[in-house]
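S.K.: I'd like to ask you about the structure that follows.
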Amino acid sequence: CTFNLSPTGRALSRAAQSDTFSVTVQNSCSWSALPSVDWLTVANQSTGDGSGTLTYSVSANAGVARSGFFIVGGQIFAVTQAAGPLTISSVTPSSGPTADSTSITVSGTNFATSGGLPAVHIGGNAALSVFVASPTTLTAVTPPGALGARTVTVTNPNAEAAALVDGFTYVCTYTLSP
């Protein structure tokens, strides 16, 4: 039996969706298709005799870009799925002095780790330095700012942005001396 898959793969968006690919083989040949990862599922039949169409579903992706595959008759149908949305879930510490720089850790999802650094702004002012530790953690140094709560914004090189309203608060600090 000679198996052909058409197409041989798909690049999909981060949304949940269904798609198909064709299996072409002689009528007397049986086949089966099982996904390599849990976010791919077979929506119709996972086995067949002769040529047919396999319909599969892909779960929504909230994380980093991912890939999986089906094997049918020794042939691979590859699926790649785009990363989920850029998000900010927290800033630690959430406050610091107005005049001094504070090193903050920003937690979230899908911070760019290649193709350039994300831009970080606190209250519209650019952070003094940015280091991406992983797609879910980055550190930055706050610029001087005015008293009060400020929105923290992260913008990836592809211009996708996320904001955490009131994510960092500039506070007044003073030292009493005798």
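The values are calculated or read from the model by the stated rules, or taken from the named source; none is laboratory data. Since this is a predicted model, take the numbers as computed values, not measurements. Note that we place each Cβ from the backbone using ideal geometry, even for glycine, and neighbour counts take in every protein chain shown. For accessibility, only protein heavy atoms count, side chains too; no ligands or nucleic acids. Shrake-Rupley method; radii C 1.70, N 1.55, O 1.52, S 1.80 Å.
S.K.: Report the gain in length on full extension from residue 172 to residue 90: 0.36 nm times residue separation, minus Cα-Cα distance, nm rounded to one decimal.
M.R.: Extending this stretch completely gives an extra 27.3 nm.
S.K.: According to a simple spin-label model (label point 7 Å from Cα along Cα-to-Cβ), what is the distance in nm between residue 10 and residue 76?
M.R.: 1.9
S.K.: Let me ask another. Taking 7 Å along the Cα-to-C-beta vector as the label spot, tell me the residue 17-residue 30 distance in nanometres, rounded to one decimal.
M.R.: Output for this residue pair reads 3.4 nm.
S.K.: Now for a separate question. Roughly to the nearest percent, how much of the accessible area of the chain is carbon and sulfur, given a 1.4 Å probe?
M.R.: Reported share for carbon and sulfur atoms: 54 percent.
S.K.: So, in nm, how far is label residue 39 from label residue 53 when the simple model puts each one 7 Å beyond its Cα toward the Cβ?
M.R.: 2.6
S.K.: Still on this structure: Given axes a ≥ b ≥ c from the Cα gyration tensor, I'd like to know whether region 128-178 is rounded (a/c under 1.5), prolate (a/b larger than b/c) or oblate.
M.R.: Because a/c hits 1.5 or more and a/b exceeds b/c, region 128-178 counts as prolate.
S.K.: Residues of region 100-143 with backbone nitrogen within less than 13 Å of a virtual label 7 Å along the Cα-to-Cβ line of residue 163, please, listed as ranges.
M.R.: Label zone hits: 121-125.
S.K.: May I pose another question? Quick one: what does P(r) look like for the chain with 5 Å bins over all Cα pairs, in whole %?
M.R.: All Cα pairs, binned at 5 Å, distribute as 2, 8, 15, 14, 10, 9, 8, 7, 7, 6, 5, 4, 3, 2, 1, 0, 0, 0, 0, 0 percent.
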